[in-house]
1. Using beta carbons and a limit of 9 Å, which pairs, at least six apart or on different chains, have the first residue in the stretch 447-463 and in contact (Cβ under 8 Å) with a residue 24 or more places away in the chain and on the phi > 0 side of the Ramachandran plot and the second one assigned to a helix (DSSP H, G or I) and surrounded by fewer than 18 Cβ atoms within 10 Å (Cβ to Cβ)?
2. Those residues that are assigned to a helix (DSSP H, G or I), among the aromatic types (Phe, Trp, Tyr) and either touching a strand residue (DSSP E or B) at 6+ places or on another chain (Cβ under 8 Å) or surrounded by fewer than 24 Cβ atoms within 10 Å (Cβ to Cβ) (or both), I need them from the stretch 432-460; list them, please.
3. Given the residues Thr463, Thr420, which is the only one that is within 19 Å of Ala347 (Cα to Cα) and either surrounded by 20 or more Cβ atoms within 10 Å (Cβ to Cβ) or in contact with a Ser or Thr (Cβ under 6 Å, 6 or more places away or on another chain) (or both)?
4. Would you be able to say whether some residue in the stretch 75-88 is of a type in the set (Val, Ile, Thr), farther than 30 Å from Asn299 by Cβ and either modelled with pLDDT under 80 or touching a Phe, Trp or Tyr at 6+ places or on another chain (Cβ under 6 Å) (or both)?
5. Touching a helix residue (DSSP H, G or I) at 6+ places or on another chain (Cβ under 9 Å), of a type outside the set (Gly, Ala, Ser), assigned to a helix (DSSP H, G or I) and under 25 Å from Met109 (Cβ atoms): which single residue out of Phe369, Phe414 fits that description?
6. For Arg276, state whether it is of a type in the set (D, E, K, R) and surrounded by 20 or more Cβ atoms within 10 Å (Cβ to Cβ).
7. Output the residues belonging to the stretch 54-72 that are at pLDDT 85 or above and more than 13 Å from Asn186 (Cα to Cα).
8. Given the structure, is Gly336 surrounded by 23 or more Cβ atoms within 10 Å (Cβ to Cβ), in a helix (DSSP H, G or I) and on the phi < 0 side of the Ramachandran plot?
Amino acid sequence: MLDSTETVKPTPEDSNEGREPGLFDAVRQAIRGTHASYDYTSGSIGRAIMLLSIPMVLEMLMESVFAVVDVFFVGRLGKDAVATVGLTESMLTIVYTLAIGLSIGATAMVARRTGERDAEGAARTAAQVIILGLIVSAVLGIAGVLLAPTLLKAMGAEPGVIETGSNFTRVMLGCNVSVVMLFLINAIFRGAGDAAIAMRVLWFANAINILLGPCLIFGLGPFPELGVTGAAVATTIGRGTGALYAFSRLLKPGGRVNLTWQHFRLDPALMMRLLRLSGMGTFQVFIGMASWVGLTLINASFGSVALAGNTIGMRVIMFALLPSFGMSNAAATMVGQALGAGKPERAEQAVWKAGFYNMCFLGVVGLLFIIFAGQIVRLFTQDPAVYAYGVDCLRIVACGFLFYAYGMVITQSFNGAGDTWTPTVINLFVFWLWEIPLAYVLAIYFNLGPHGVFLAVTIAFSTLAVVSAVVFRRGRWKTHKV
């Protein structure tokens, strides 16, 4: 199953010539994987988006399923365990920030080189990204192992949370290399248009997570009972296995990106270009991630009950948003490859079409969340107070889904073009100068508590979409060099 793309032979569907396939055929081809000769820079834009986005959406859907299943099992251990996961996830935003920032540079440069038909340039870029990722994860891992209890205390954790969750935090931070490598290698696959492989890698990794999670948390069968720490161990084993498999695929001939060990020679000039591009991308993501840390700190001031409710609500929300990031990543790949092929108008058309598809999906999901919020949150907690906060979070934030559907696609499209500066400025305004102050004022000054934080998130989502659309229409991203 994992290696099925290797045996795919070119067919009329795999070229850009001949008849347009039906919906079923297009879905089947997207999951199976297009042949390496398929050109995303010509032919039907809708079909190209579908071939890229279906595996990317399914990839993110598995990530969403894992996030929900993980908190489902941890929720059986009590509010301190759930709060531990929420606080550690907030700290992991540093890891995610650096990994996503590097992946922005990887996707943009690999996609641009692919559009230019420069396979050697794409391979050199991929190798340098992996080297950077290994260096970053080693530094963060050492710091996380040594400082886990101190970090939890700094995040406002109660004594019970620190006692219960320190080992969970140590494992998650100390073994962050598995997360970083999955982000980066899958970003390389996506930039090259190998979305089906990236999908299989994440499904493989998270399937192991889901199977091992309850075994190690509750001590099922021959497995030790590790409590909340078991969730971290399962995550590390699953994602580490997936990262190793993904790396092996990069070294295997016949794909869109073929690495050899020679590509891993340090290339200072290329690495500096990556650092400049990814550095701004990292700061861009840091702005957004840091805003979540700020919101978590505000929620933590209302106690573990409010924090646990917020954690459950946001995990469910990410269940919807992560597949939408798949659509956004597809738009980024389309933009990068189209600009590399000298077709900026095709890039713009792809963005608006992907945004519309995303709006349709998130609109339906948001409506379901608003109607069935109580039933959904009840699956994760029986604590009445935690339940109330979770329902409030889910309903209010879901109201901003229609706007955010376009916002996330447009933001990623800037990044796909290599214009990481524009979304960085937008994020700085929306999240730091608008969302966090608004959340503080509503929650503390107007005494709305966590309800005010949830309102601020929805307002910020909407603002991001409107501002991004206005700037995108100016078209300066079309001339950006990578």
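The values are calculated or read from the model by the stated rules, or taken from the named source; none is laboratory data. The model shown is predicted, which means the values in this text are computed figures rather than measured ones. All Cβ positions, even for glycine, are placed from backbone atoms using ideal geometry, and neighbour counts span all protein chains on display.
1. none
2. Trp432, Trp434, Tyr440, Tyr445
3. Unique residue meeting the criteria: Thr420.
4. Taking every residue of the stretch 75-88 in turn, none turns out to be of a type in the set (Val, Ile, Thr), farther than 30 Å from Asn299 by Cβ and either modelled with pLDDT under 80 or touching a Phe, Trp or Tyr at 6+ places or on another chain (Cβ under 6 Å) (or both).
5. On inspection, the qualifying residue turns out to be Phe414.
6. Judged against the criteria, Arg276 is not a match.
7. Ile54
8. yes
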